[in-house]
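Below is one structure, written out as structure tokens; the observations come after it.
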Amino acid sequence: MKNGSFGPKAALLFAAVAGLAISASASVTSDATLQQEIQGKLKNKQFQQVTVKSNNAVVTLGGTVEKYQAKVDAEKKAKKVAGVKEVDDQIEVGGKDVADAQLQATLNRKLAYDRYGYGHVFNNVTASVQDGKVTLDGEVRWQPDKDSALALVNSQEGVKDVVDQVKILPTSISDDDLRARVFRAIYGDASLGRYGTDPATPIRIVVANGHVALYGSVQSQADKTIAFMRANGVFGAFSVENHLTVNKG
């Protein structure tokens, strides 16, 4: 072998090593590029304390934000960047601390009015809070109803985390027809019509596959009983669950 020349095996080994070096360099460059692109999308003031790290296209978000909605938005923006395989959202929510009982009352009051004018009496969403962590539960007719409830909670000061347990009811023409008939039966009753005057305190009618559930608060046991009787008397209702509570205040 002449000096400065390579045999076949040596040439293959050299090519393999060179390929690994190029691959490693490309990986580092790719991660650096991803970090730069994501940081560019997080230039707004609400993200100024957010950190971004990428390792083999797995992005870790850290730091703090003032509201939970900013945490959600940061993760969405990172996921939309081309080349990102996964996002590990470790952002912590700082901001003002609010007592659980106060936060829960505020959220449920706002949720009561949510989607007013869009068939809100056919939805039932409630919030419970523990250590700033909000659990949303209930049923809604459409995805926009769920999105609206989540947006309301995510933007509320004091919310540190959100667990979404809201179910979207199955789409059904027969269920829609049943909703309308139960609505007329309840709100057409002389003693129950007043529950339609305040959008925050309706008798809520949830229908799933022909089964009816009533939610909300009424002023007397008699009203609770009458509401059940009116719903139970509607043709096509397979069953009726009465979850109405009596407000004794």
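Descriptive notes on the structure:
- Among 153, 129, 87: highest mean-square fluctuation, GNM of the chain, C-alpha pairs under 10 Å: 87
- Of the residues 237, 196, 94, the one whose Cα sits farthest toward the positive end of the charge dipole of the chain, with +1 on the Cβ of Lys and Arg and -1 on the Cβ of Asp and Glu, is 94.
- Cα long-axis angle, helix 221-232 against the chain (0 to 90 degrees, to the nearest 10): 70
- Under the convention that each Lys and Arg Cβ holds +1 and each Asp and Glu Cβ holds -1, the size of the dipole of the chain around its Cα centre is about 520 debye.
- Of all DSSP bridge pairs formed entirely within the chain, close to 45 percent run antiparallel.
- Helix 100-113 axis, angle to the chain major axis (alpha carbon atoms, nearest 10°): 70
- Cα gyration tensor category, rounded, prolate or oblate, for region 138-234 with a/c compared to 1.5: oblate
- Note on the chain: helix-only mean residue ellipticity at 222 nm, from DSSP H runs of 4+ residues weighted -39500 (n - 2.57) and normalised by residue number, equals -13500 deg cm²/dmol.
- Per-residue Cβ neighbour rank within 10 angstrom, fewest leading, 169, 61: 169, 61
- Going by neighbour counts of Cβ atoms within 10 Å, the residues 181, 109 line up, fewest first, as 109, 181.
- Relative contact order of the chain, defined on C-alpha pairs under 8 angstrom at six or more residues apart (%): 13
Every number here is computed from the coordinates shown, using simple stated rules; none is lab data. Not measured: the values here are computed from a predicted model. Quick reminder, even Gly has a Cβ in these numbers, built from the backbone with ideal geometry, and neighbours come from all protein chains shown.
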